[in-house]
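The values are calculated or read from the model by the stated rules, or taken from the named source; none is laboratory data. The structure presented is a predicted model; accordingly, all values stated were derived computationally and were not measured. Glycine also receives a Cβ, built like all others from the backbone with ideal geometry; neighbour counts cover every protein chain displayed. Accessible surface is based on the protein model in full, side chains and every heavy atom, while ligands, DNA and RNA are left aside. Shrake-Rupley method; radii C 1.70, N 1.55, O 1.52, S 1.80 Å.
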Number of protein chains: 2
Amino acid sequence: VIPAGGGGTRLWPRSRQATPKQFLDIVSHRTMLQETADRLEELVPPDRVFVITNARHVGPVREQLPEVPHENIVGEPAGRDSAPAIGLMAALLERVCGADTVMIVLPADHVILDDALFRETLLTAANAARQGYLVTLGIPPKGPDTGFGYIQSGAKLEQLGSGDIDVLTVKQFKEKPKREVAQQYLAEGGYFWNAGMFIATVAHLRELYRTHLPQMEAGFAQIVDGLLNGNPKVLEEIFPTLDKISFDYAVTEKADRVAVVPADIGWNDVGSWGRLAEVLSHGKHESTNIVVGDHIGVDTHGSLIYSPHRLVATIGLEDIVVIDTPDATLICPKSRSEEVKHIVEALKVRGDHHLL
Amino acid sequence: VIPAGGGGTRLWPRSRQATPKQFLDIVSHRTMLQETADRLEELVPPDRVFVITNARHVGPVREQLPEVPHENIVGEPAGRDSAPAIGLMAALLERVCGADTVMIVLPADHVILDDALFRETLLTAANAARQGYLVTLGIPPKGPDTGFGYIQSGAKLEQLGSGDIDVLTVKQFKEKPKREVAQQYLAEGGYFWNAGMFIATVAHLRELYRTHLPQMEAGFAQIVDGLLNGNPKVLEEIFPTLDKISFDYAVTEKADRVAVVPADIGWNDVGSWGRLAEVLSHGKHESTNIVVGDHIGVDTHGSLIYSPHRLVATIGLEDIVVIDTPDATLICPKSRSEEVKHIVEALKVRGDHHLL
C-alpha cells in the first residue's frame, strides 16, 4: 500500500498542489511514485500494489503506474490524515486479498538508495509481521534532526532476526524533539528515525482498528462495499466524515506487540531542497555542484541548480539552492531550504493560487 | 554629441548585443539615452543634439529620440574606438554648426543624479572651452576604484571658475590603476575619475585632430561630404578604414591646454549591477532591497532583484544581485557583479549567440 497524499509544498516552486513531489521525476528519470513501485517489483506483483491518494491525483497515479489495476487506486475525497486512509486500505485488503496478507505501507515520496538491503529488510519485517508484530522500519539517525519522530528500541527479538538484520522491541515512540533532546537521543543510542514505513498482517491491523478506532468500522465496511460494487459515491459521502487523526498517534503508539527493524538503507524523505541535495550529491565531493538543466558557474560550489528551461549563471555562490520554474524562481542557502514554507504562506496571504 | 556605441555586456543578462544598456529603461521609466538627452534639454535644442552609434542601433536611437533630426544620427558601420567617432562628429559639426560651436561630449549610458549642478558645471566648462581649453569633467573619487582612469589636477585657473565651480589645470592623465596606486591617489588628493565627458570648441578639436591624427583628415572630409550630400555609402566604405584608437590616448593626453572641472554631480557609470544598485539605493538604508518586478523575501537584505516576468522568492540572502530575464538568470554577490564578463566569455566559447 502506497499512501501518495502528500501536499507538495516543501519542494516549492517545483512541487505544487497540483503536482506534489511524489509525481515528479526529481531524483531520476522516474517519478518518486514510480521509483517506490519499482522498488517493490521483485517482491509484490502489480495487481497487489494499492495506492491511496487525493481524489484529484487518481489520474496521475493511473498514468504513472499503468501496470496497477485501476480498482487498486483509491482517491480520498478529502484529506483525513493517515489513520482513516490506512484503516480503509486494511479493510479493503481483507476483502480482496484475505486477512493473512502481509500489508507493507511505503510512502510514495521517499528515496531509498540501497534497494537490495531494503528488500531483505522487508522480508525480515514481513516474517516478524506474520509472528504477530506491527513492524516499523527504523532509520539510524545521521544527526540530531528535529524534523522526524524517533523510535526508542528495546531488546533484540533473537528468533526474528535474519542474517545481519535485527528485529528489536519498541520501548517508546517519541514526537519530533527539540534539538537538545535529539542530541541526547544520539548520545544515548538505540534511537531511530520513524520513516513512516510499517508492515503488519491485515488481520492484525484490522484488530488494532477494532480496538482503538471502533468508530471507524461502520464507515470502512460501507466504503469497501461501495468500492467492490462499483459505487464510488459511498467513498465520497462517508470518507470525509471519518475522524482526522494520524495512524502513529491513534494506532501504533497504542499497540502492544510493536517491533522496529533498523534499516540503514540510504533513506531520505526529500523533505526539503537541502535534503534532496543530500540524495543527489551522494558519493560526490561536497563542493560539487548538482545541476539539472543549464548552468554556468564562476567560483560557485556545493550548490543545487535546477533550471531546465533557461540558463542560470552564477558567480561566487556557496551551498545555495536555485530552483527555476516557468513562473517562479527560488534562491536560498541549502541550510535554510525548509523555510520555503514561509514563501508558500506568503503566497496564500497574497491569494496567488496559481503559484501554489 | 552623444556617443552611444556601448557593447552592453556589463549588465548581462538584461543588456545584450542587440540592446546595450543605453537603450534600456534600467534606472527609470526613460532609457539611459533618453535621460542623457533630457538632461541637456534646457541647454541644447534638439536639432543641436547629435548621436553617433553602431549602425545596427540607428533605428532604436531614432525611436527613442524622436525630436532629434534623423540626419543628426550617425551609424558607425564598424566600431573603431572613440577617436574616429569624436573626430568625425567634430568635422560634421564644423560644417553644420560652425567652428565656433562648443561641442559637449556626453556618453549615453551614465547616470547623473544632480542635474542642476551638472548644467551649471557644463556652462562653466563651456566658458573655459571658449577660452581655448579642452575641458574634462572630473568626478571626485568615492573610493580607490580600479575601473576608471584618473585625472591628476594642478593649479586653479582663477579667472575661469564661477561660483563654487572650479576650473583646474590637468597635470597628467593616469590609466586604470592597481588598487594600491588608487589608494595612493586618494591619500594624496587632487585626483579625479575620468568619466569620459569633455567640452571643447569645434575649432579646437579640429586643430587637435589635424595635429595629432592628420591621417584621418581626408577620411573625415569624404564622409562628411557623403553625409551632407545624401550619400551614406561613403561612411560605410571609409569609416572602417580609420585607425582604431581611443580619443583619450590619441588626443586628450597629447593636448596642451587641458582643464578639469571637478563635478560632484552624483555621477555613476552603471558599469556593473553593483554600480546600478548604488544608484537605485541612493538615499535608502543599506539593508533595503531594491526590487523591480515580483519578489518575496524571507530575511533577505541589501539585495537587487530584477524580475518583471516571474516571481523571485528568496530566503536569507545578503547583498545579492538577481537578474531574471526570459532566457537567462544571473545570481551573484553585488561585490562580484563585474565578473559577469566571465559569464559572457563562457557564452561566446559555447557559441550561445542567442544569449549574448
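General observations
- Across the stretch B:284-298, rounded Karplus estimates of 3J(HN,Hα) from the backbone phi angles (6.51 cos²θ - 1.76 cosθ + 1.60, θ = phi - 60°) give 9, 5, 5, 8, 5, 7, 9, 10, 10, x, 10, 9, 10, x, 10 Hz, Gly and Pro being marked x.
- Based on alpha-carbon atoms, the Kirkwood radius and the radius of gyration of chain B give Rg/Rh equal to 0.97.
- With the largest listed first and rounded to whole Å, the semi-axes of the equivalent ellipsoid of the stretch A:247-316 from the Cα gyration tensor are 39, 14, 9.
- Convex hull volume per residue in cubic angstrom - Cα atoms of the stretch B:95-144: 120 Å³
- Cα-based Kirkwood hydrodynamic radius, the stretch B:11-105, one decimal, Å: 14.2 Å
- Calculated FRET efficiency for the pair A:ALA78/A:ALA218, C-beta based, R₀ 22 Å, to 0.05: 0.75
- Only Cα sites of the stretch A:228-356 enter the Debye sum here, all with the same form factor; the resulting log10 I(q)/I(0) across q = 0.10, 0.11, 0.19, 0.21 1/Å is -0.57, -0.66, -1.07, -1.18, listed in q order.
- Residues in the stretch A:186-223 reached by a label modelled at A:LYS156 [backbone nitrogen below 19 Å; 7 Å Cα→Cβ]: A:189-192
- Local electrostatic count, A:ASP164, Cβ distance below 15 Å [Lys/Arg +1, Asp/Glu -1]: -3
- For the stretch B:111-270, the equivalent ellipsoid built from the Cα gyration tensor has semi-axes of 31, 19, 15 Å, listed from largest to smallest.
- For B:TRP267, solvent-accessible area (1.4 Å; no DNA, RNA or ligand), Å²: 20 Å²
- Residues with amide H under 5 Å from that of B:ILE320, placed H, sequence gap 5 or more: B:SER303, B:LEU304, B:LYS334
- With each label modelled as a point 7 angstrom along the Cα→C-beta vector, the A:ARG62-B:ASP264 pair spans 7.6 nm.
- The string of couplings for the stretch B:268-278 from the Karplus curve (6.51, -1.76, 1.60, θ = phi - 60°) is 8, 7, 6, x, 6, 4, x, 5, 5, 4, 4 Hz, one whole number per residue in order, with x for Gly and Pro.
- Residues whose amide H falls under 5 Å from that of B:GLY154, counting only those 5 or more places apart or on a different chain, are B:THR169, B:VAL170, B:LYS171, with hydrogens built in the peptide plane.
- When its C-alpha radius of gyration is set against 2.2 N^0.38 Å (N residues), the stretch A:98-180 gives a value of 1.19.
- In the stretch A:207-288 the Cα-Cα distances spread across 10 Å bins starting at 0 as 13, 26, 22, 24, 12, 4 percent of all pairs.
- Total charge dipole magnitude, the stretch B:49-184, about the Cα centre, Cβ charges on Lys, Arg, Asp, Glu only, Debye to nearest 20: 460 debye
- Theoretical gain in end-to-end length, A:GLN172 to A:ASP115 [0.36 nm per residue, Cα-Cα removed]: 17.7 nm
- Relative contact order, whole percent, for the stretch A:16-137 stands at 24, derived from Cα pairs under 8 Å and 6 or more residues apart.
- Note on A:LEU228 and B:HIS353: their simple-model spin labels are 7.0 nm apart, each label 7 Å out from Cα toward Cβ.
- P(r) weight above 16 Å for the stretch A:77-121, C-alpha pairs, percent: 54 percent
- Residue pairs, from the table B:LYS178/B:LYS334; A:LYS142/A:LYS176; A:LYS156/A:LYS176; A:LYS142/A:LYS334; B:LYS174/B:LYS254; A:LYS284/B:LYS348, whose Cα atoms sit over 19 Å apart: B:LYS178/B:LYS334; A:LYS156/A:LYS176; A:LYS284/B:LYS348
- Sum of -39500 (n - 2.57) over DSSP H runs of 4+, divided by residues of chain B (222 nm, nearest 500): -9000 deg cm²/dmol
- Eligible lysines near A:LYS233 by straight Cα distance, threshold 29 Å, same-chain separation 8 or greater: A:LYS21, A:LYS244
- Acute angle (nearest 10 degrees) that the helix B:340-350 long axis makes with the longest principal axis of chain B, alpha-carbon atoms: 90 degrees
- Between copies, B:SER246 shows label-point distances of 6.6 nm, shortest first, with the point placed 7 angstrom from Cα along Cα to C-beta.
- Linear extension gain, B:HIS29 paired with B:GLN184, 0.36 nm per residue minus alpha-carbon span: 51.9 nm
- Distance between modelled label sites at A:ILE245 and B:GLU286, nm, 7 Å Cα→Cβ extension: 5.8 nm
- Exercise: per-residue mean of other protein chain Cβ atoms within 10 Å, A:343-349: 3
- Contour minus Cα-Cα distance for A:ARG210 and A:ASP100 (0.36 nm per residue): 37.9 nm
- For chain A, built as a Gaussian network whose Cα springs stay under 10 Å, the top-fluctuating residue of A:ILE331, A:ILE73, A:ILE112: A:ILE331
- In degrees, nearest ten, helix A:217-228 long axis to first principal axis of chain A (Cα): 80 degrees
- Computed about its Cα centre, the charge dipole of chain A is approximately 660 debye, with only Lys, Arg, Asp and Glu carrying charge at their Cβ.
- Counting only aspartates and glutamates at least 8 places from B:LYS171 when in the same chain, those with an alpha carbon closer than 12 Å to its own are B:GLU253, B:ASP256.
- Average partner coverage of A:313-322, which counts Cβ from other chains inside 10 Å: 5
- Counting, for every residue in B:237-243, the Cβ atoms of other protein chains within 10 Å of its Cβ and taking the mean gives 0.
- Put simply, the C-alpha atoms of the protein assembly as shown give a gyration tensor, and the ellipsoid matching it has half-axes of 74, 25, 20 Å, longest first.
- Each copy carries a label point for A:LYS233 at 7 Å from Cα along the beta-carbon vector; from one copy to the others these points are 8.6 nm apart, nearest first.
- If you take all other residues with their beta carbon under 11 Å from the beta carbon of B:GLY75, and give Lys and Arg +1 and Asp and Glu -1, the sum is 0.
- Taking the label point 7 Å along Cα→Cβ, A:GLU286 and its counterparts in the other copies are spaced 3.1 nm apart, in ascending order.
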